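The values are calculated or read from the model by the stated rules, or taken from the named source; none is laboratory data. Owing to the predicted nature of the structure, the values given are computational and were not obtained by experimental measurement. Note: ideal-geometry Cβ built from the backbone for every residue, glycine included; neighbour counts use all protein chains shown. Areas reflect the complete protein model, heavy atoms only, side chains present, ligands, DNA and RNA absent. Shrake-Rupley method; radii C 1.70, N 1.55, O 1.52, S 1.80 Å.
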Amino acid sequence: MAMAKPVLSLLVHLHAALLFLPDPDGGAVYNVLRYGARPDGATDAAGPFLRAWADACRSPRPATVYVPPGRYLVRSATFTGPCHSRAAVTFAIAGTVVAPARYGARGLSGRWITFENMDGLVVSGGGTLDGRGRALWACRRRGQRDCPTPTSSLTIANSKNVVVAGVQSVDSELFHVVVLQCHGVTVRGVTVEAPADSPNTDGIHLHMSSHVSVYDARISTGDDCISVGPGNSHLWIERVACGPGHGISIGSLGKQQGMEVEAVQNVTVKTTWFTGTMNGLRIKTWGGSKRGFVTGVTFANATMSGVDNPIIIDQNYCPDSSGCPGDGRSSSIRISDVRYVGIRGSSATPVAVSFDCSRSNPCSGISLQDVALTYQNRAAAKSYCRNVQGTTLGLVLPPSCL
Ligand SMILES: *[C@@H]1O[C@H](CO)[C@@H](O)[C@H](O)[C@H]1NC(C)=O
Ligand SMILES: *[C@@H]1O[C@H](CO)[C@@H](O)[C@H](O)[C@H]1NC(C)=O
């Protein structure tokens, strides 16, 4: 469609003005279009994104990198700090950032988009990260050995004072959002979407981090909605809808060698909804001699709808039943002080509450309060206990075996 020349030139001028805009706080906006990014979904925009980042990062004033509506292909990109400004640098994604269609074109780092070494970062904008993981999942499902290293979509690493807000992640090859070795991170209003059968596509994975909060997440995926790996402490997770998926999991712990002691402590998971998930609230550790502990966990106010294992501690975790460490019964990870309060709804299997703890390190201080879980909304469910000590308070259904 032809446009009258004066109108076109006005639009071009407006557009140019929008490329570099002071924001209301006196900061500057670095629009990736000005750096040559093409919103065509086909031209690699990693270079323009990185150049916009370099200018924003160098700015003494609060700065925003802006990705306007449109589709931007990014092969892979690492945005590195520290930055000049003492205020946070904002990366505002209004458009859709897509990974290359061909897998294996994202390098070998296991990451697609990374922010690292930041003190003060906001990733926001309501836009979408599309990891285009289908081809890689298919390769892995065929059991092929030559599948390339899968990439996590968004990684925040070695940073503090970070907010990730209103970002959508779809079809990651591996984990959708990873918080690695960070302190002080808030993840708010994030949506994750991938098919139920996509392998290892955890929604949000936390690793060796402290003071991380997750609020208002909607996660449908093929693995854990949220996974809390080793080395995490002081976590707050509130208002998360999960399903399909494998639930909210602490662990797995006790598999890798390397870290001296694998620990998770002080975790609150409050007001959650699980729909048709494999698990609800889960703690999982591998058998074997790796030392560690999980302590100070509160799971409060959860609603389960047709969940295979609504409440589960599994210290014999070994999903492929091969290469399981130890004798499968005596995990050296100690689990203590775990409270379940206000857990309601239906289990899809007869056993709604399962505590399968380590023979050599029994679970202790487990408490159940106001728990009401049925078997498929029509029959009484059951509890299973092994090597566990704890207490109950108020109504607890199925009757506890603590
Ligand atoms: C536990 O973590 C929360 C943040 O989720 C924090 O506010 C609280 O102070 C921590 N408690 C202890 C005893 O460290
Ligand atoms: C418990 O969850 C329900 C929704 O499932 C919510 O409306 C309510 O505010 C929550 N209560 C608390 C104390 O967080």
**Message:** Restricting to segment 287-336, name every residue that is charged (D, E, K, R) and either assigned to a loop (DSSP other than H, G, I, E, B) or within 16 Å of ligand 1 (Cβ to nearest atom) (or both).
**Reply:** 290, 291, 308, 320, 327, 329
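Name the one entry in 293, 299, 355 that is closer than 19 Å to residue 235 by Cβ and either within 16 Å of ligand 2 (Cβ to nearest atom) or open to solvent by less than 20 Å² (accessible area, probe 1.4 Å) (or both). Can you show your working first?
Working: 293 fails: either within 16 Å of ligand 2 (Cβ to nearest atom) or open to solvent by less than 20 Å² (accessible area, probe 1.4 Å) (or both); 355 fails: closer than 19 Å to residue 235 by Cβ.
Unique residue meeting the criteria: 299.
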**Prompt:** Does residue 101 satisfy the criteria of being touching a residue at least 12 places away in the same chain (Cβ under 8 Å), surrounded by fewer than 18 Cβ atoms within 10 Å (Cβ to Cβ) and either outside any loop (DSSP other than H, G, I, E, B) or in contact with a helix residue (DSSP H, G or I) (Cβ under 8 Å, 6 or more places away or on another chain) (or both)?
**Reply:** yes
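Every residue, every condition in (1) closer than 25 Å to residue 144 by Cβ; (2) of a type in the set (Ser, Thr, Tyr); (3) in contact with a Gly (Cβ under 9 Å, 6 or more places away or on another chain); (4) within 16 Å of ligand 2 (Cβ to nearest atom), yes or no:
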| position | (1), (2), (3), (4) |
| --- | --- |
| 186 | no, yes, no, no |
| 206 | no, no, yes, no |
| 229 | no, no, yes, no |
| 234 | no, no, no, no |
**Fill in**
Listed by first then second residue, the pairs whose first member lies in segment 216-230 and is closer than 11 Å to residue 242 by Cβ and without any contact (Cβ under 8 Å) to a residue 12 or more places away in the chain, whose partner is open to solvent by 10 Å² or more (accessible area, probe 1.4 Å) and among the charged types (D, E, K, R), with beta carbons under 6 Å and at least 6 positions apart or on separate chains, are none
**Prompt:** In the list 245, 222, which residue meets the criterion of being closer than 22 Å to residue 137 by Cα, away from ligand 2 (no atom under 16 Å from the Cβ) and touching a helix residue (DSSP H, G or I) at 6+ places or on another chain (Cβ under 9 Å)?
**Reply:** 222
